[in-house]
Structure formats: C-alpha cells, structure tokens
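What follows is calculated from the coordinates using simple rules that are stated; it is not laboratory data. Computed from a predicted model, the values in this text were never measured in an experiment. Virtual Cβ from ideal backbone geometry, glycine too; neighbours counted across all protein chains shown.
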Amino acid sequence: MSDLTSTDLFDLSPVVPVVVVDTLDQAVPVARALADGGVPVVELTLRTSVALDAIRAIAAEVPEVVIGAGTVTSPALAKQAAEAGARFLVSPGATPSLLAAMRETGLPFLPGTATVSEALAVLETGHTAMKFFPAEASGGAKFLGSLPSVLPDARFCPTGGITLANAPSYLGLANVGCVGGSWLTPADALAAGDWDRVTALAAATAALR
C-alpha cells in the first residue's frame, strides 16, 4: 500500500514532469535535477525498454522524489511498475480490467479520460481523481471548465500539449489539481546531460501557483 492517496498527487507540484528516458544513466540525474528545481515528483513513462529499471534506480537513489509510472496500458504493466517501486500509476485510458489492476496494486492512480462518458465510468468505480488526455486535442481548458456543473466530484490532471504558456489556463480551473508536461525534460537536454537546464525549467514552474 502507498502512503499517498490519488488526490494527494494533485498537491505534490503544480506540474508533474512527464519524463521519457532512453538510457538508464539518465534516470537518477534527471530526477535529481528536477528535485533541485523544486519539483519533487516524476511520472516516468513506460515507453522505453529501460523504463522499469529507471523507476527502480530513482526509487532507490533519489528517495526525496515521488516516482510514478506513466503510460500504464495493461494490467501486467501496472503490476510490474508497482514491483519496480513506483509510488503512483498513470494511464492514458481506462478499461475495466486496467482500472481493477491499478486498484489492486494499492497505489494511487490517475486513469486517463477524454470524454464525459469515460469520466463517468471512472466515477462509477468510486474514483474521483483522473488524468485528462490528450488535453489540448480533446477540447483543452475550455472543455474542462464546462465539466464541474455536471461532474462536480471529478478532478483532473490534464496532460498532452501542455506548455509553460498554456498551463495557467488549466491550473486556474477549480477541477484541475495539477498538469502534466514534458517541457521540463526536453529530449535534447537529457541526451546532452544538461541537468542545469532541467533544474532551471523545473524552477520556472514555481511561479505557476
């Protein structure tokens, strides 16, 4: 079981960095760079072959960072991420079997939704915290701003097309707890080992709250 709840995830940072590491040696330095910039959370996506090992490394070597697994697309991945040391799970969508598997890990999780029907399906399971993905392509802040009147209990972490420029339009909404963004960890910065740049980008998000 986790010491966090799903709604706690909204309070860790206004921006959750969505991180893709191509090599294992990027994992610990990028997590430390984000923490140095005041961002104590990482959603490391399960899109590369080293992702699970990267989660293990960050969990072991950077305990001050709350490490989570993103792009959880199957029950098997949910279990593997939990076993690797992830402290929360994020999925791009939500099927009944995936929802059940994430719940069974005992970890907090943000299931992906993009429509009112999908959000209702998640709410029917008793879960109120969810991801809104792909945010910009699915109606953006205007769409999310129209939901509280019909889905008053739902809270979201929008991800997909979020930038430093448009993040405030989401964070100003009552039903948005945080946003997810990849701009804090550009691929070229990771490839070059430019950890000072990552720290500076992380520090810039402090002004968003």
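Once label points are set 7 Å from the Cα along Cα→Cβ at both residue 7 and residue 203, what is their separation, rounded to one decimal in nm?
Distance between the two pseudo-spin positions: 3.5 nm.
Just report the Cα centroid separation between segment 82-140 and segment 21-43, whole Å.
For segment 82-140 versus segment 21-43, the Cα centre distance is 23 Å.
Short version: ³J(HN,Hα) in whole Hz for each residue of segment 112-119, in order, from phi by Karplus 6.51 cos²θ - 1.76 cosθ + 1.60 (θ = phi - 60°), x for Gly and Pro, what are they?
x, 9, 9, 9, 4, 4, 5, 5
Charges at C-beta only: +1 for Lys and Arg, -1 for Asp and Glu. How large is the resulting dipole of segment 85-195 about its Cα centre, in Debye rounded to 20?
Dipole magnitude for segment 85-195 comes out near 160 debye.
Using modelled backbone amide H atoms (1.01 Å from N, in-plane), which distant-in-sequence or interchain residues come within less than 5 Å of residue 69's amide H?
44, 87, 88, 89, 90
Please state the relative contact order of the chain as a whole percent: Cα pairs under 8 Å, 6+ residues apart?
On the way: 418 pairs, mean separation 48.5, N = 209.
Rounded, it is 23 percent for the chain.
Longest segment of the chain with no GluC sites (Glu not before Pro) in a DSSP loop having at most 12 other Cβ atoms within 10 Å?
The answer is 125-209.
Quick one: what are the phi-derived ³J(HN,Hα) couplings along segment 24-35, Karplus 6.51/-1.76/1.60 with θ = phi - 60°, whole Hz, x for glycine and proline?
My calculation for segment 24-35 gives 5, 6, 7, 4, 5, x, 5, 5, 5, 5, 5, 4 Hz in order.
Based on the Cβ-Cβ distance from residue 50 to residue 124, what FRET efficiency comes out when R0 is 41 Å, to the nearest 0.05?
With R0 = 41 Å, the Cβ-Cβ based efficiency is 0.65.
By average Cβ neighbour count within 10 Å, what is the ranking of 144-152, 26-34 from highest down?
26-34, 144-152
Long-range amide H contacts for residue 132: which residues qualify at under 5 Å (H placed 1.01 Å from N, peptide plane, sequence gap of 5 or more or a different chain)?
Long-range HN contacts for residue 132: 113, 157, 159.
Check residue 176: other-chain or 5+ apart residues with amide H under 5 Å from its amide H, H built from backbone geometry?
Sorted by chain and number, the residues that satisfy this are 156.
Using the Karplus equation 6.51 cos²θ - 1.76 cosθ + 1.60 (θ = phi - 60°), what ³J(HN,Hα) coupling, rounded to whole Hz, does each residue of segment 85-100 give in order, writing x for Gly and Pro?
Values per residue, Gly and Pro as x: x, 4, 9, 7, 10, 9, 10, x, x, 8, 9, x, 5, 5, 4, 5 Hz.
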